[in-house]
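What follows is a single structure, written as C-alpha cells, with notes after it.
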Amino acid sequence: MPDLTLQPLSILVLHGPNLNLLGQREPGIYGSFTLAEINHLLEAEGLKLQAKVFPVQSNHEGVLVDTIHQALGKHQGILINAGAYTHTSVALRDAIAGVSLPTVEVHLSNIYRREEFRHHSYIAPIAIGQISGFGVQSYVLGLQALVHHLRD
Ligand code: DQA
C-alpha cells in the first residue's frame, strides 16, 4: 500500500551571487527566466511534492554561510545554486558539511562545457548529486531528486 500520509518537507533554496540578475544577465547562457519566476516554478513543484520551498538569494558569502547554519532544525534539505562561489568557496562547502543537511547542487548552464575554471565544484563532493545544464529545469529536477532522496 502506498503511504498517503506524507510528512510535508521544508526545503531551503539558496541562490548565490549575481542570480538576482537572471532575466537580464547573459540570456544566451542563463535563459530569460527571472529569479522570481524560478522561485514560483519551485513553489508550484513543491506543492505537487508536498514540500514547501524557502528561497533566499544573496551576493554575500557570509550571508549564505549564516543562512545554511540557520537551516538546522528548520529545513530538511538544501537546493543550492551557489553561482560563482561553487568554484571558489571552501566556506560554503564547510557550512553544508557542518550542518550535514542533504544538499543538491544545481546550475542553469552546463558548467563542464564552459571555461575550465567552472569545471571544479567545491560543493559537489559533499552533495547528494549535481544537476547542470538544463536551464530552469535543473532547479525543478534538483528539487524532485532532493525530495525523493529525503522520502526514501
Ligand atoms: C551558474 C554557473 C556558474 O559558473 C556561474 O558563476 C553562475 C551561474 C549556473 O547556474 O549556470 O553564476 O551557477
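The residue of the stretch 38-53 that is surrounded by the most Cβ atoms within 10 Å (Cβ to Cβ), among those that are touching a residue at least 40 places away in the same chain (Cβ under 8 Å) and within 15 Å of the ligand (Cβ to nearest atom), is I38. Hey, any hits in the stretch 54-64 for a residue that's more than 23 Å from S109 (Cα to Cα) and touching a residue at least 40 places away in the same chain (Cβ under 8 Å)? No - not one qualifying residue is present in the stretch 54-64.
Checking the condition within 14 Å of the ligand (Cβ to nearest atom) and of a type in the set (G, A, S), which residue from G62, G23 passes?
Working: G62 fails: within 14 Å of the ligand (Cβ to nearest atom).
Exactly one of G62, G23 is within 14 Å of the ligand (Cβ to nearest atom) and of a type in the set (G, A, S), namely G23.
Note on the stretch 79-100: residues that are more than 8 Å from the ligand (Cβ to nearest atom), surrounded by fewer than 19 Cβ atoms within 10 Å (Cβ to Cβ) and among the hydrophobic types (A, V, I, L, M, F, W, C) total 4.
For the stretch 106-120, residues that are within 9 Å of the ligand (Cβ to nearest atom) and either of a type in the set (D, E) or under 25 Å from A71 (Cβ atoms) (or both) total 5. So K74 clears everything in (1) within 15 Å of the ligand (Cβ to nearest atom); (2) among the charged types (D, E, K, R); (3) outside any helix (DSSP H, G or I) except one condition, right? Which one? In the conditions (1) within 15 Å of the ligand (Cβ to nearest atom); (2) among the charged types (D, E, K, R); (3) outside any helix (DSSP H, G or I), K74 misses (1) alone. All conditions but one from (1) in a helix (DSSP H, G or I); (2) among the basic types (K, R); (3) touching a strand residue (DSSP E or B) at 6+ places or on another chain (Cβ under 6 Å) apply to R93; the one that does not is (3).
Does P55 satisfy being farther than 14 Å from I96 by Cα, in a strand (DSSP E or B) and not charged (D, E, K, R)? Before you say what the answer is, go through the steps one by one.
On the way: farther than 14 Å from I96 by Cα: yes; in a strand (DSSP E or B): yes; not charged (D, E, K, R): yes.
So P55 passes the test.
Would you confirm whether any residue within the stretch 59-77 is of a type in the set (K, R), modelled with pLDDT of 95 or more and over 23 Å from R151 (Cβ atoms)? Looking through the stretch 59-77, none of the residues is of a type in the set (K, R), modelled with pLDDT of 95 or more and over 23 Å from R151 (Cβ atoms).
For the stretch 1-25: of the residues being at pLDDT 95 or above and polar (S, T, N, Q), which is surrounded by the fewest Cβ atoms within 10 Å (Cβ to Cβ)?
It comes out as Q24.
On the basis of being free of Cβ contacts under 8 Å to residues at least 24 places away in the same chain and either within 15 Å of the chain's Cα centre (by Cα) or part of a strand (DSSP E or B) (or both), does Q137 make the cut? Give the derivation first.
Working: free of Cβ contacts under 8 Å to residues at least 24 places away in the same chain: yes; either within 15 Å of the chain's Cα centre (by Cα) or part of a strand (DSSP E or B) (or both): yes.
Yes; evaluated as a whole, the condition is true for this residue.
The values are calculated or read from the model by the stated rules, or taken from the named source; none is laboratory data. All values derive from a computational prediction rather than experimental measurement. Here Cβ is always computed from backbone atoms with ideal geometry, including for glycine, and neighbour counts include all displayed protein chains.
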